[in-house]
Amino acid sequence: MGILYLASFMKILILFAHPRLSGSHVQRTLSDAVSSLSGVTFHDLYAAYPDFTIDVAREQALLAEHDVIVLQHPFYWYSAPAIIKEWLDLVLELGWAYGPGGDKLHRKFLMNAISTGGADAAYRRHGRNRFEITDLLSPFNQSAHLCGMAYLEPFVVFAGRWLTAEDLALKASDYQGLIEGLRDGHIDPMTRLAKAYALPLAFEAQRLQKKRHAT
């Protein structure tokens, strides 16, 4: 694709959602690994909006200030906890996030960081859930594209409740390493695009602009 993201430092916003965090060892462990990192804003949506009254202006300002947006959540009913749907419905407004004049998220990056109760093998064409995990995340993939964002392959912890403490610690370390790598520019997000993801036109315009400046 010919685009290399050369930013040495990227600001990362983690939008975290778990309605019953006290009962989730996996998501607590993942959160502990990243919530205090410098250059990372960890935003617990249920803690911020227990009554679901989302401050749209505040959320849009947060999005504008960051380069990489991570939706961290358990994989509930092949999707996300309810507050993420509410957040998407209210915050990603026509004329702001998409549509005429809706360019505020152009050339940013979106990623899901999820945990599942089922094993990896369950998320296969012939598995119990009948679909790949990336297929089930397609609404997020398309939302990113509509908003002119690049959608990254998800970070997934499968069968979290069955992991040993050692294996869960390794997963948390991997997650922390990914977030730090994206933040520090050690990991080019363009190398982590979701499989077969077609970049929106906003990125093509950026590539052509860089090419003109180079000549």
Item to check | Qualifying residue in the stretch 44-58 (condition: within 16 Å of the chain's Cα centre (by Cα), under 18 Å from N112 (Cα atoms), not in a helix (DSSP H, G or I) and not polar (S, T, N, Q)) | outcome: yes
Checklist entry - Which one of A165, A169, A159 is modelled with pLDDT under 95, farther than 25 Å from I84 by Cα and among the hydrophobic types (A, V, I, L, M, F, W, C)? => result A165
Item to check | Residue that is modelled with the highest pLDDT, among those in the stretch 125-139 that are part of a loop (DSSP other than H, G, I, E, B) and under 17 Å from A194 (Cα atoms) | outcome: L137
Checklist entry - Does L90 satisfy the criteria of being among the aliphatic types (A, V, I, L, M), within 24 Å of S138 (Cα to Cα) and surrounded by 17 or more Cβ atoms within 10 Å (Cβ to Cβ)? => result no
Item to check | Residue match in the stretch 129-139 (condition: surrounded by fewer than 17 Cβ atoms within 10 Å (Cβ to Cβ) and either closer than 24 Å to F52 by Cα or of a type in the set (S, T, Y) (or both)) | outcome: yes
Item to check | Residue list for the stretch 101-120, filter: buried (at least 17 other Cβ atoms within 10 Å of the Cβ) and not in a loop (DSSP other than H, G, I, E, B) | outcome: F109, L110, M111, N112, A113, I114, S115
Checklist entry - Only one of I83, I69, I54 is within 27 Å of I187 (Cβ to Cβ) and surrounded by 14 or more Cβ atoms within 10 Å (Cβ to Cβ); which? => result I69
Next on the checklist: Against the condition surrounded by fewer than 19 Cβ atoms within 10 Å (Cβ to Cβ), modelled with pLDDT of 95 or more and under 19 Å from F203 (Cβ atoms), how does D44 come out, does it pass?
Outcome noted: no
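Suppose we filter Y123, Y98 for residues that are under 18 Å from Y151 (Cα atoms) and either surrounded by 15 or more Cβ atoms within 10 Å (Cβ to Cβ) or charged (D, E, K, R) (or both); which single one remains?
After applying the criteria, what remains is Y98.
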Checklist outcome for this item: (1) closer than 27 Å to G117 by Cα; (2) touching a helix residue (DSSP H, G or I) at 6+ places or on another chain (Cβ under 6 Å); (3) part of a helix (DSSP H, G or I); (4) hydrophobic (A, V, I, L, M, F, W, C) all hold for L90 apart from (1)
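Taking the options K195, K171, name whichever one is touching a helix residue (DSSP H, G or I) at 6+ places or on another chain (Cβ under 9 Å), closer than 23 Å to P74 by Cβ and part of a loop (DSSP other than H, G, I, E, B).
Checking each option against the conditions leaves just K195.
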Next on the checklist: Please determine whether any residue of the stretch 147-158 is in a helix (DSSP H, G or I), surrounded by 15 or more Cβ atoms within 10 Å (Cβ to Cβ) and of a type outside the set (S, T, N, Q).
Outcome noted: no
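The values are calculated or read from the model by the stated rules, or taken from the named source; none is laboratory data. Predicted model, so just to flag it, every value in this text is computed and none were measured. Note that each Cβ is placed from the backbone with ideal geometry, even for glycine, and that neighbours are counted across all protein chains shown.
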